[in-house]
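Visitor: My questions will all concern the structure given below.
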Amino acid sequence: MKLTEEFLKQLPDSKGHFGPYGGKFVSETLMSSLVDLENKYLSLKDDPEFVREFDQDLADYVGRPSPLYFAERLTREVGGARIYLKREDLNHTGAHKVNNTIGQALLAKYLGKPRVIAETGAGQHGVASATVAARLGLDCKVFMGSEDVQRQSLNVYRMKLLGAEVESVNSGTRTLKDAMNEALRDWVTNVDDTFYIIGTVAGPHPYPMLVRDFQSVIGREAKAQCLEKEGRLPDALVACVGGGSNAIGLFYPFICDEEVEMYGVEAGGHGIETGEHAAPLSAGRPGVLHGNRTYLMSDDDGQILGTHSVSAGLDYPGVGPEHAWLKDINRANYVSVTDTEALDAFRRLTLVEGIMPALESSHAIAYAVKKAATMRTDQIMIINLSGRGDKDIHTIANIDGIKV
Amino acid sequence: MSRIKQVLNALQQDNKKALIPYITGGDPRPDWTVELMHTLVDAGADLIELGVPFSDPMADGPVIQLACERALLHHTSLRDIFGMVKTFREKDQSTPVVLMGYLNPLEKMGYQVFAEAAREAGVDGVLMVDLPPEEADTLVPLLKEHALDAVFLIAPTTTEERIRHICEHSSGYVYYVSVKGVTGSASLDEQEVATKVAAIKARNDIPVGVGFGIRDAASAAQVSRLADGVIVGSVLVNIIAENQEDLPKIKSELSALLSSMRNAMDQLD
């Protein structure tokens with residue numbers, strides 16, 4: 001199949017489907033809110049005033065465009081492709097997540113909702129949501145699994161300083177999926193006055209579409225920057241995939257450029273063969289969870305399995321439906337690296353480039369350096385450095401047996 | 001005519017309303033479920049909604065979440081639920097059973113296999129909380145083919161246009177969720193329920209069951225004045241939760257509460 005811009009524009013279709021994936025699998029109470037959101041978004045997305053407001057916020061508040069940085073020393077060390085880092089870690093709040101929360105907060109404003117809620121894993125989306133809520137004077141409640149509250153205490157405190165209420169979720173596996181369950185329960189209860197800011201390209205339609213559109217600024221910039229610096233498109237893109245928002249943001253503007261290879265890196269945890277991982281595209285099967293049909297980690301009875309990753313932001317049993325589709329049509333490759341490989345990559349980038357990556361982004365780095373080593377020195381690779389690693393210092397220190 | 005339709009028609013002719021209890025299959029133990037189902041019928045249930053446990057019950061409050069966890073501790077699967085219905089049918093061929101749950105276990109089993117096995121076990125209807133009619137194009141025809149009713153939800157937020165659409169796709173009855181919230185949360189607003197149920201019934205013939213927020217005989221009687229059926233869940237599941245080790249006590253308390261609801265509903269003119 002030859003992918004064209006025309007074809008791509010039809011995805012998702014009017015029901016929110018990407019091939020067999022996506023859709024709106026929610027209880028009836030939420031349906032009318034989803035329809036309202038979809039209509040509002042479709043009427044605004046090409047509205048010059050909305051676009052201007054969004055672009056201006058990205059420039060003046062987030063600090064975009066983020067640089068495309070040539071990692072010269074890392075490139076030399078690896079001895080293969082020329083490695084560029086798309087520096088989403090330099091955004092306000094320290095990750096790509098804010099691109100989306102700026103967009104959704106604008107939607108909340110246009111819909112006249114005074115309260116926002118969000119789920120968060122590593123806390124980056126929670127912080128980004130609390131940030132835009134503070135700026136617009138909206139009430140904000142963030143749901144976070146109690147295990148993640150422990151391992152990401154710095155971000156919990158940041159959210160509280162920003163005026164958000166953080167609810168520690170004790171049900172289920174106490175991680176991101178349970179936070180999302182609880183956020184959906186809150187939304188169903190407070191649907192009249194509440195806007196749910198979903199942090200990734202999963203969930204019911206129209207979320208996978210609108211989060212993708214807001215995050216696509218990453219790929220549009222990267223494409224222009226690469227053309228400017230190298231005079232041509234890159235040969236490979238690499239990004240980590242939990243729900244998949246930073247990956248789709250980088251990939252989307254390149255989907256029709258079929259000479260550009262795309263690699264999504266899932267969390268291999270203790271290793272795919274151990275079953276203790278968070279890699280549904282690598283080792284899962286299609287199913288339905290949290291409003292969409294996608295690849296999931298579930299058992300033979302259809303119960304959702306617990307996941308494991310050293311990185312809280314990737315610790316999720318599902319993945320965005322557009323990634324499921326890109327996998328099936330073989331447009332993107334999905335691979336995984338283990339906790340140990342990601343931790344090694346964290347240290348390596350810190351020492352070699354003086355850039356401390358988030359543990360999520362470290363997964364992309366870990367695979368990218370392996371891949372780059374097999375490429376020619378005149379080839380170009382772009383890695384999405386989706387967030388900075390300050391929030392993970394406690395995790396790293398713990399592993400090193402150091403109390404900070 | 002489906003078993004659900006027969007039962008609801010007969011009640012209507014007697015000027016009575018359906019009492020529809022919900023329990024989660026496998027809670028607190030899989031080998032108690034069939035006995036509890038018979039208890040519900042003996043206490044006055046007209047139809048049973050049997051929950052299929054799911055690891056991530058997003059639309060449920062803590063009471064039913066915990067029921068799912070207890071059932072899953074025993075690895076209660078969709079196949080086990082079919083086994084329970086099959087055993088229940090050995091003694092009871094007249095009380096309809098509707099499976100209620102979330103879609104993923106069906107996705108895993110495959111819709112065709114599910115529909116065949118459900119029919120064979122003696123299931124009468126299927127209500128998947130996270131499956132609106134828009135996404136049910138594949139499942140509903142298969143259910144029909146196997147003489148299973150497709151029950152869908154209507155909520156306070158459902159527009160008139162959607163109500164029509166949902167009623168067109170439903171058979172057996174529609175389930176009106178009386179409050180915005182999860183199961184077992186707030187109390188229902190009688191006025192709001194009356195308005196919405198009237199709006200549903202104005203243009204559609206299908207019976208309307210009302211659930212969420214029904215806790216006792218008084219609220220059951222109140223709702224039975226407005227609708228064709230009264231659906232009771234969390235308050236029953238709570239009895240199970242509080243007496244997990246004591247089957248006789250669960251039975252006597254379920255029985256007492258349900259009979260009091262039945263009496264209150266039947267004493268209305």
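Visitor: Mind checking which residues of segment B:84-104 are free of Cβ contacts under 8 Å to residues at least 40 places away in the same chain, closer than 24 Å to B:Asp130 by Cα and either open to solvent by 10 Å² or more (accessible area, probe 1.4 Å) or part of a helix (DSSP H, G or I) (or both)?
Guide: Listed by number, the list holds a single entry, B:Val85.
Visitor: Condition first: outside any helix (DSSP H, G or I), more than 18 Å from B:Lys5 (Cα to Cα) and either away from chain A (no Cβ under 14 Å) or in contact with an Asp or Glu (Cβ under 8 Å, 6 or more places away or on another chain) (or both). Now tell me which residues in segment B:130-156 satisfy that.
Guide: Residues satisfying the conditions are B:Pro132, B:Ile154, B:Ala155, B:Pro156.
Visitor: Okay, moving on. Please state which one of B:Arg79, B:Arg3, B:Arg29, B:Arg70 is among the basic types (Lys, Arg) and under 25 Å from B:Arg262 (Cα atoms).
Guide: Being among the basic types (Lys, Arg) and under 25 Å from B:Arg262 (Cα atoms) holds for just one of B:Arg79, B:Arg3, B:Arg29, B:Arg70, which is B:Arg3.
Visitor: Does A:Glu49 qualify as being among the charged types (D, E, K, R) and open to solvent by 60 Å² or more (accessible area, probe 1.4 Å)?
Guide: Here the answer is yes, as A:Glu49 does meet what is asked.
Visitor: Residues A:Gly269, A:Gly287, A:Gly264, A:Gly249: which one is within 14 Å of another protein chain (Cβ to nearest Cβ) and either open to solvent by less than 10 Å² (accessible area, probe 1.4 Å) or assigned to a helix (DSSP H, G or I) (or both)?
Guide: Every option except A:Gly287 fails the conditions.
Visitor: Right, another one. Name every residue in segment A:1-36 that is assigned to a helix (DSSP H, G or I) and either of a type in the set (S, T, N, Q) or more than 14 Å from every other protein chain (Cβ to nearest Cβ) (or both), in order of residue number.
Guide: Across segment A:1-36, the qualifying residues are A:Glu5, A:Glu6, A:Phe7, A:Leu8, A:Lys9, A:Thr29, A:Ser32, A:Ser33.
Visitor: Follow-up question, since we're still on this one. Among the residues of segment B:14-22, is any open to solvent by less than 10 Å² (accessible area, probe 1.4 Å), outside any strand (DSSP E or B), touching a Phe, Trp or Tyr at 6+ places or on another chain (Cβ under 9 Å) and not basic (Lys, Arg)?
Guide: Checked against the condition, which is being open to solvent by less than 10 Å² (accessible area, probe 1.4 Å), outside any strand (DSSP E or B), touching a Phe, Trp or Tyr at 6+ places or on another chain (Cβ under 9 Å) and not basic (Lys, Arg), segment B:14-22 yields no hits at all.
Visitor: Also, I was wondering about something else. Tell me which residues, restricted to segment B:147-169, are charged (D, E, K, R) and exposed (fewer than 15 other Cβ atoms within 10 Å of the Cβ).
Guide: Answer for segment B:147-169, where residues must be charged (D, E, K, R) and exposed (fewer than 15 other Cβ atoms within 10 Å of the Cβ): B:Glu160, B:Glu161, B:Arg164, B:Glu168.
Visitor: List the residue pairs whose Cβ atoms are under 6 Å apart, where the first residue sits in segment A:326-341 and is over 16 Å from A:Thr294 (Cβ atoms), the second is among the polar types (S, T, N, Q) and assigned to a helix (DSSP H, G or I), and the two are 6 or more positions apart or on different chains.
Guide: Close Cβ pairs (under 6 Å, with a partner that is among the polar types (S, T, N, Q) and assigned to a helix (DSSP H, G or I)) amount to A:Ser336/A:Ser282.
Visitor: Look through segment B:174-213, keep the residues that are open to solvent by less than 10 Å² (accessible area, probe 1.4 Å) and of a type in the set (Val, Ile, Thr), and return whichever of them is nearest to the other protein chains (Cβ to nearest Cβ).
Guide: Looking at the filtered set, the residue picked out is B:Val177.
Visitor: Ok, one more. Restricting to segment A:215-237, what's the tally of residues that are in a helix (DSSP H, G or I) and polar (S, T, N, Q)?
Guide: Qualifying residue count, segment A:215-237: 2.
Visitor: Give, as residue ranges, the strands (runs of 3 or more DSSP E) completely inside segment A:115-174 that count at least 3 residues that are on the phi < 0 side of the Ramachandran plot and open to solvent by 10 Å² or more (accessible area, probe 1.4 Å).
Guide: Those strands (runs of 3 or more DSSP E) span A:139-145, A:165-169.
The values are calculated or read from the model by the stated rules, or taken from the named source; none is laboratory data. Please read these numbers as outputs of a predicted model, since none were measured by experiment. Because the Cβ atoms are built from the backbone with ideal geometry, glycine has one as well, and the counts that use them run over all protein chains shown. Ligands, DNA and RNA are excluded from the accessible area calculation, which covers all protein heavy atoms including side chains. Shrake-Rupley method; radii C 1.70, N 1.55, O 1.52, S 1.80 Å.
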